Structures are given as structure tokens and as C-alpha cells.
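This report refers to the structure that appears directly beneath it.
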Amino acid sequence: MREHALAPAENQSVEALATTGLFLIFTSVIAVAVFLASWSASDTAMAALSGTIAALSFVLSMVCFAVQSRDN
């Protein structure tokens, strides 16, 4: 019986960066939804907080993806 060849695995740190970037994108999308809902409900503090979280998580996800693309 033939032995199965293992598929070449990428560096685990590259995979961790991609996963973190994806998680941050999901966080950003949820924060934008909360921002829009809070803004329309005239809850200024919550809108400002969720808008800041959305912008920060989006920028950090782009940084993660940029670092990941350099590591490949």
C-alpha cells in the first residue's frame, strides 16, 4: 500500500495572521452595523465607540493582510 504524501503546509505564523485579519474584518462589519443602528437611534456615545472600533479593526485587518502577503 502506498504512503500518502502530505500536502505542503504554509508557515503557521502566516496562517495566524490571515485568521486574525479575517476575525478583525468580521468585527469591523459588526461594529459598522452597531454604529449605524446607534447613529439612527441618536445614541451618540455608542455610535462614536462602535465607529472607532470599526475603523480600528478595519485598519488592523489590512495591516495583517499586508504582512501576510509579504511573508508568502
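The values are calculated or read from the model by the stated rules, or taken from the named source; none is laboratory data. Worth saying up front: this structure is predicted, and the values here are computed from it rather than measured. Heads up, the Cβs are rebuilt from the backbone with ideal geometry, glycines too, and the neighbour counts pull from every protein chain shown.
Pairs are defined by a Cβ separation below 6 Å, a sequence spacing of at least 6 or placement on different chains, a first member in region 46-72 that is within 11 Å of residue 14 (Cα to Cα), and a second member that is surrounded by 14 or more Cβ atoms within 10 Å (Cβ to Cβ) and hydrophobic (A, V, I, L, M, F, W, C); the pairs so defined are 64/17; 67/17; 68/14; 68/17; 68/18; 71/14. Just one of the listed residues (29, 67) is at pLDDT 95 or above and either within 13 Å of the chain's Cα centre (by Cα) or hydrophobic (A, V, I, L, M, F, W, C) (or both), namely 29.
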